[in-house]
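Following: one structure in structure tokens, then a few remarks.
The values are calculated or read from the model by the stated rules, or taken from the named source; none is laboratory data. Computed from a prediction, not measured in an experiment: that's the story for all the values here. Cβ coordinates were reconstructed from backbone atoms using ideal geometry, including for glycine residues, and neighbour counts include every protein chain displayed.
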Amino acid sequence: MDFKDKVKLLREKNNMTLEEVAKIVEVSAPTIQRYEKGEIKNVRRDKIAKLAQALNTSPAYLMGWEEEVSNINDVKSENLEIASIMNRDGKISDIMNEISENFSDEDKEKTLDFIKFLKIKKKGNQ
């Protein structure tokens, strides 16, 4: 399932209007509608994080890096922290889009594992 389909499905599953989601994400309702239609391909990383929060899922699920997460509370805090770290660098957004569009599920999992490894390594050096 593509990003656009996930956004619409989760919005409807959560019984939310375009306006309700837009308010949380801090964009206009037409922008959310454009996400759902696939008219906006390169969604800003901060908007992906807010969109995931609004839709009770994880940024990783929206980007296609992990299977469906039914509720944000089911997401490991470690994954949310990784998403937050990745959202700090504008170049990361382009890399995330490349991974989402062109990597196999296995390669996506390996990429996430490597990011977790780097995070653990960084903590060990502090």
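Looking only at residues of the range 35-47 that are without any contact (Cβ under 8 Å) to a residue 40 or more places away in the chain and in a loop (DSSP other than H, G, I, E, B), we find that the one that is surrounded by the fewest Cβ atoms within 10 Å (Cβ to Cβ) is GLU39. The set of residues in the range 96-106 being surrounded by 12 or more Cβ atoms within 10 Å (Cβ to Cβ) and either touching a residue at least 40 places away in the same chain (Cβ under 8 Å) or assigned to a helix (DSSP H, G or I) (or both) consists of MET96, ASN97, ILE99, SER100, GLU101.
Here is a yes/no grid of residues against (1) in contact with a strand residue (DSSP E or B) (Cβ under 6 Å, 6 or more places away or on another chain); (2) of a type in the set (Gly, Ala, Ser); (3) within 21 Å of SER104 (Cα to Cα); (4) in contact (Cβ under 8 Å) with a residue 12 or more places away in the chain:
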site: LEU9; (1), (2), (3), (4): no, no, no, no
site: MET16; (1), (2), (3), (4): no, no, no, yes
site: ILE24; (1), (2), (3), (4): no, no, no, yes
site: GLN33; (1), (2), (3), (4): no, no, no, yes
site: ALA49; (1), (2), (3), (4): no, yes, no, yes
site: GLU67; (1), (2), (3), (4): no, no, yes, no
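Restricting attention to the range 95-111, does a residue exist that is under 21 Å from ARG11 (Cα atoms) and at pLDDT below 75? Looking through the range 95-111, at least one residue is under 21 Å from ARG11 (Cα atoms) and at pLDDT below 75.
Let's see how each residue does on (1) modelled with pLDDT of 90 or more; (2) surrounded by fewer than 20 Cβ atoms within 10 Å (Cβ to Cβ); (3) in a helix (DSSP H, G or I):
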{"residue": "ARG11", "(1), (2), (3)": "yes, no, yes"}
{"residue": "MET16", "(1), (2), (3)": "yes, yes, no"}
{"residue": "VAL21", "(1), (2), (3)": "yes, no, yes"}
{"residue": "GLN33", "(1), (2), (3)": "yes, yes, yes"}
{"residue": "LYS50", "(1), (2), (3)": "yes, yes, yes"}
{"residue": "GLU67", "(1), (2), (3)": "no, yes, no"}
